[in-house]
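The next block holds one structure in the form of structure tokens; read it before the comments.
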Amino acid sequence: MNIQSFQPMNLGDAHLDREHAELFRLVGALFDASSSEAVAALDSLRTEMREHFGREDADLRRLGGNNAECHLDEHAAVLKSLDEVHLILGETATTPATAQRLVSSLSLELLHWLPEHVSEMDANLAAVRSKARFGGVPMTLLRRKPGA
Ligand SMILES: [Fe+2]
Ligand SMILES: [Fe+2]
């Protein structure tokens with residue numbers, strides 16, 4: 001599967017775009033991880049997500065905006081899922097096959113979730129951040145395809 005097709009959109013907010021690209025890279029690394037690499041790959045992703053969500057949560061609480069509560073809840077739900085999988089991977093009864101299956105389904109879910117979250121919720125936050133800083137929303141320039 002070509003995971004590049006799941007790449008989240010750029011929002012025109014350099015800080016958020018850089019962090020989302022890193023999250024996407026780490027989800028891809030989790031997707032590609034063998035059962036022996038899974039715990040380390042999951043830990044890297046958990047650390048990065050916790051820090052990224054923490055920064056977004058602080059902005060959401062400070063700036064508000066549409067769906068701020070839903071946005072906060074979604075971050076918390078994703079972190080909870082990552083913690084649950086982390087716990088199961090650490091149990092002695094978890095076989096390598098189960099770990100592999102679990103990590104594979106988690107990373108697939110995240111590959112679908114991340115671009116959707118970025119384009120629906122983070123885009124809103126980027127607009128609020130930009131408005132607070134400059135009094136306007138960020139512009140994303142797209143090259144028009146020939147014949148389009
Ligand atoms: Fe984000
Ligand atoms: Fe977010």
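The values are calculated or read from the model by the stated rules, or taken from the named source; none is laboratory data. The shown structure was predicted, so the numbers you read here are calculated from the model rather than taken from an experiment. Cβ coordinates were reconstructed from backbone atoms using ideal geometry, including for glycine residues, and neighbour counts include every protein chain displayed. In case anyone asks, the SASA skips ligands and DNA or RNA and just uses the protein heavy atoms, side chains included. Shrake-Rupley method; radii C 1.70, N 1.55, O 1.52, S 1.80 Å.
Taking 0.36 nm per residue of sequence separation and removing the Cα-Cα distance, the GLU22/MET1 pair yields an extension gain of 5.6 nm. Each Lys or Arg adds one and each Asp or Glu subtracts one; over the other residues with Cβ under 15 Å from the Cβ of ASP57, this totals -3.
Label sites at ASP32 and GLN100, each approximated as a point 7 angstrom past Cα along Cα to Cβ, lie 1.8 nm apart. Extension gain for the segment GLU116 to ALA58, taken as residue separation times 0.36 nm less the Cα-Cα distance, is 18.8 nm to one decimal. When +1 charges are put on Lys and Arg Cβ atoms and -1 charges on Asp and Glu Cβ atoms, the dipole computed for the chain relative to its Cα centre reaches about 680 debye. Share of segment 12-134's accessible area from carbon and sulfur, percent, 1.4 Å? Exposed carbon and sulfur together represent 54 percent of the surface. Note on ILE88 and LEU108: their simple-model spin labels are 1.3 nm apart, each label 7 Å out from Cα toward Cβ. Rolling a 1.4 Å probe across the protein heavy atoms gives the chain an accessible surface of 59 Å² per residue.
Computed extension length for ASN66-VAL39: 6.2 nm, one decimal, from 0.36 nm per residue of separation with the Cα-Cα distance subtracted.
Is the chain rounded, prolate or oblate when judged by the Cα gyration tensor, a ≥ b ≥ c being the square roots of its eigenvalues, rounded requiring a/c under 1.5 and prolate requiring a/b larger than b/c? Oblate, since a/c reaches 1.5 and b/c is not below a/b.
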